[in-house]
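Participant: Here it is, the structure in full.
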Amino acid sequence: MRLDEQSGEYPTEIAVGEIDPIALAVGEGHVWLLGKDLQGNVVVKVDTAARKVVDSTHVSLGETVTDIAVGEGGVWFTDWQ
């Protein structure tokens with residue numbers, strides 16, 4: 001996604017598939033989306049410069065995962081329980 005600073009709009013959309021989003025994080029040179037699809041929890045890594053998904057993986061996190069953070073070479077998740 002790229003924000004137009006003057007209009008405040010996102011002129012570019014990047015398709016990530018049929019995912020219900022839970023949280024976003026920015027770090028390590030990418031945008032990271034945590035969401036759910038038909039197979040469960042999924043993390044999608046987006047290269048905004050190339051405007052495409054560069055990786056995605058299903059992760060076993062349980063039903064109460066609430067957030068994602070990226071840094072120090074890792075991807076971190078939180079769970080409210």
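The values are calculated or read from the model by the stated rules, or taken from the named source; none is laboratory data. Since this is a predicted model, take the numbers as computed values, not measurements. Reconstructed Cβ throughout: ideal geometry from the backbone, glycine too, with neighbour counts over all protein chains shown. Note: accessible area is taken over every heavy atom of the protein model, side chains too, but ligands, DNA and RNA are not part of it. Shrake-Rupley method; radii C 1.70, N 1.55, O 1.52, S 1.80 Å.
Participant: Under Stokes-Einstein, with the Kirkwood radius over Cα pairs standing in for Rh, what whole-number D in µm²/s applies to the chain at 20 °C and 1.002 mPa s?
Facilitator: Values: Rh = 13.4 Å.
The estimated diffusion coefficient comes to 160 µm²/s.
Participant: Something else: When only DSSP loop residues count, what chymotrypsin sites (Phe, Trp or Tyr not before Pro) in the chain have their Cβ near at most 16 other Cβ atoms within 10 Å? Please list the in-between numbers first.
Facilitator: On the way: sites: W32, W76, F77, W80; in loops: W80.
Passing sites in the chain are W80.
Participant: Per residue, how large is the accessible surface of the chain? Use a 1.4 angstrom probe and give square angstrom.
Facilitator: Values: 5750 Å² over 81 residues.
For the chain, the per-residue accessible area is 71 Å².
Participant: When the accessible area of the chain is computed with all protein chains present and a 1.4 Å probe, what percentage of it is carbon and sulfur? If you can, show how the numbers build up before the last one.
Facilitator: Details: 2800 of 5750 Å².
For the chain, the apolar C and S fraction of the accessible surface comes to 49 percent.
Participant: How high is the FRET efficiency from A49 to D79, r the C-beta distance, R0 30 Å, rounded to 0.05? Numbers along the way, then the final one.
Facilitator: Details: r = 32 Å, r/R0 = 1.05.
Calculated transfer efficiency: 0.40.
Participant: List the trypsin sites (Lys or Arg not before Pro) within the chain that fall in a DSSP loop (any state other than H, G, I, E or B) and whose Cβ has at most 11 other Cβ atoms within 10 Å.
Facilitator: Details: sites: R2, K36, K45, R51, K52; in loops: R51.
Hits after loop and neighbour filter: nothing returned.
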